[in-house]
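Take a look at the structure set out below.
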Amino acid sequence: MQFQQLHYFVAVAETRHFTRAAELVHVAQPSLSQQIKALERELGADLFLRARGNITLTDAGEALLPLARRILADADTARHEVQELVQLRRGRVRLGATPSLCTGLLPDVLRAFHDRYPGIRLLIEEGGSHDLVRHLARGALDLALVVLPLPTASPALTTVELLREDLVVVSSPEAPRPGDGRRTVRVADLEGERLVMFRHGYDLRELTVAACRAEGFEPDFAVEGGEMDAVLGFVRAGLGVAVVPRMVAARSGRGLRVTPLARPGLHRTIALAHRSDVAPPRAARELQRMLLER
């Protein structure tokens, strides 16, 4: 079955006349008739009743007509959409990122991408790396910004390291400076500090708790369970201190004191991930290029 045959069939069905249908689709009438007969042989059923010049649809023709129209319409839509995507005038990018990256890294990059490609819709999914990897694997995302190492090894994903970011300690300017007022603090200095802690599943939570345990103590939580904006708000209110990425601290505005961690400090590695078995769409590849060149 060919699109051309369906096109000819719809033309005859709508005009109820082989000659007029041939004129409509700009083909010789014998060629059109031959293609209709070939379609009927393919389907194993007559599509038209031809009685004394009166062309009517058979039951098989009536059943095929709405399907043929839909197939032809879908083919036109597919052709148009692909052409638009190739030229980056329309389309979408489904990007996953951790909430801290949505706050720190993405705003400037997404603004530049939107300025260059205003017709591309950006669909952002916030979540922890574990959830984002799962969404990537089932095809719900085109790209994801994740924290390395991945929570579980996934040979089906390709990752490209994007940046290595320092973590810092934020506190309220009204509260005593952590680490007895020194310009930098060690992870060990957080023992005895009340921490404002992220919810379970948040990459920064696991990293901070693991660092404290490596220094031989369990962190003391003043508040726990928040997202990034909530954690920063609780710190501003003087409820405790928090460990956050440097980019987030730099964007957080007034109301926070930022204290670097002494060497070797704490860091996290951000990578851009996509499925290995499926190439990202053109628009997603363009966003990927802008992220890597940022």
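Structural remarks
- Taking Lys and Arg as +1 and Asp and Glu as -1, the other residues whose beta-carbon sits under 12 Å from that of S33 total +1.
- For segment 78-186, the list of trypsin sites (Lys or Arg not before Pro) that fall in a loop by DSSP and count at most 14 other C-beta atoms within 10 angstrom reads R89, R138, R182, R183.
- Per residue, the average separation of C-alpha pairs within less than 8 Å and at least 6 apart gives the chain a relative contact order of 21 percent.
- Which of T159, M228, G216, positive extreme of dipole for the chain (C-beta unit charges): T159
- In the chain, the DSSP-assigned H stretches of four residues or longer account for a calculated mean residue ellipticity at 222 nm of -13500 deg cm²/dmol, using -39500 (n - 2.57) per stretch and the full residue count as denominator.
- Prolate/oblate/rounded label for segment 159-245 (Cα gyration tensor, a/c 1.5): rounded
- Cα gyration tensor category, rounded, prolate or oblate, for segment 75-168 with a/c compared to 1.5: oblate
- Stretching E215 away from R79 to a fully extended chain increases their span by 43.0 nm, per 0.36 nm per residue minus the current alpha-carbon distance.
- Potential extension, H17-V109 segment - 0.36 nm per residue separation minus Cα distance: 27.3 nm
- Counting only protein heavy atoms and a probe of 1.4 Å, the accessible surface of segment 180-294 is 48% carbon and sulfur.
- The C-alpha atoms of the chain define a longest principal axis, and helix 203-214 lies at about 30 degrees to it.
- Segment 184-255: chymotrypsin sites (Phe, Trp or Tyr not before Pro) in DSSP coil with no more than 15 other Cβ atoms inside 10 Å: F217
- Electrostatic dipole magnitude of segment 185-231 [Cβ: Lys, Arg +1; Asp, Glu -1; Cα centre; debye, to 20]: 40
- Computed extension gain for A279 through D180, at 0.36 nm per residue and net of the alpha carbon distance, reaches 30.4 nm.
- Using the Cβ-Cβ distance between A28 and I55 with R0 set to 25 Å, the FRET efficiency works out to roughly 0.90.
- Fraction of accessible area attributable to carbon and sulfur, segment 89-163 (%, probe 1.4 Å): 50
- Alpha-carbon centroids, segment 223-294 and segment 1-37: separation in whole Å: 61
- Tensor-based shape of segment 168-216 (alpha-carbon gyration tensor, a/c under 1.5 rounded, otherwise prolate or oblate): oblate
- Unit charges at the beta carbon, dipole of the chain: most positive-side option, L150, A140, A250: A250
- At a probe radius of 1.4 angstrom, the accessible area of the chain per residue rounds to 53 square angstrom.
- Around the Cα centre of the chain, unit charges on the Cβ atoms of Lys, Arg, Asp and Glu (plus for the first two, minus for the last two) sum to a dipole of about 720 debye.
- The chain: antiparallel DSSP beta bridges as a percent of all, rounded to 5: 60
The values are calculated or read from the model by the stated rules, or taken from the named source; none is laboratory data. In this text, all values refer to a predicted model and were calculated from it rather than measured experimentally. Cβ atoms come from the backbone with ideal geometry, glycine included; neighbour counts cover every protein chain shown. To get the accessible areas, we keep the full protein, side chains included, count just its heavy atoms, and leave off ligands, DNA and RNA. Shrake-Rupley method; radii C 1.70, N 1.55, O 1.52, S 1.80 Å.
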